[in-house]
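Just below is one structure, and these are the notes that go with it.
Every number here is computed from the coordinates shown, using simple stated rules; none is lab data. Here the structure is a predicted model, which is why all the values come from computation and not from measurement. Neighbour counts run over all protein chains shown; Cβ positions are idealised from the backbone, glycine included.
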Amino acid sequence: MIASIEFATPEYDEAVSLRYKILRKPLDLEFSEEQLMEEFDQFHFGYYNLQGKLIACLSYQLKEDGVLKMRQVAVDDSQQGRGIGTRMVKETENWAQSSGYNKIILHARDTAVKFYKKLNYSIKGKDFTEVGIKHFLMEKTL
């Protein structure tokens, strides 16, 4: 089940912990308090299993009128490869479209480009380095 997560709640803290475990710790990076405080006005979503355990999450940041930036997509390593990330992205895309947004952009790690291409995202421009690894700007019109 996918649910909205409110900023500065225990559920948000749980999502930050999952993001740290999957996205930051392998790169030996921490979240700064400033980075987390900047997320106060973003849209956060969690994917919960039948036991109510958070197993995946993502956030959207409003970039400009009608455009959202998908950020911090994380699926627990024990749950990867089961279609959870795909379901979460598709369901939140439906939310975005029904909420009046018409485009989603994201910075995909080079290892995630194939995943996003399967979801009809396209690469825009050349690769760039972010958090020490290669990324690509990708986008999808809803």
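Miscellaneous remarks
- Alpha-carbon centroids, region 106-140 and region 5-74: separation in whole Å: 18 Å
- From its DSSP helices (H runs of at least four residues, each -39,500 (n - 2.57)), the chain gives a residue-normalised ellipticity at 222 nm of -7000 deg cm²/dmol.
- Reported value for region 1-70: 92 Å³ per residue, from the convex hull of its C-alpha atoms.
- Label positions at Leu119 and Asp13, each projected 7 Å from the Cα along the C-beta direction, are separated by 2.8 nm.
- Sites excluded, GluC sites (Glu not before Pro) in DSSP loops with at most 16 other C-beta within 10 Å, longest stretch of the chain: 39-142
- The chain: equivalent-ellipsoid semi-axes (sqrt of 5 x gyration tensor eigenvalues, Cα, Å): 21, 18, 16
- Stretched out straight at 0.36 nm per residue, the stretch from Phe128 to Gln79 would grow longer than its current Cα-Cα span by 14.8 nm.
- Our estimate of slack between Asp28 and Phe40, defined as 0.36 nm per intervening residue step minus the Cα-Cα distance, is 1.9 nm.
- The charge dipole of region 10-93, taken about the Cα centre with unit charges on the Cβ atoms of Lys, Arg (+1) and Asp, Glu (-1), comes to about 520 debye, rounded to the nearest 20.
- Simple label model, 7 Å out from Cα along Cβ direction - Arg87 to Leu50, nm: 1.1 nm
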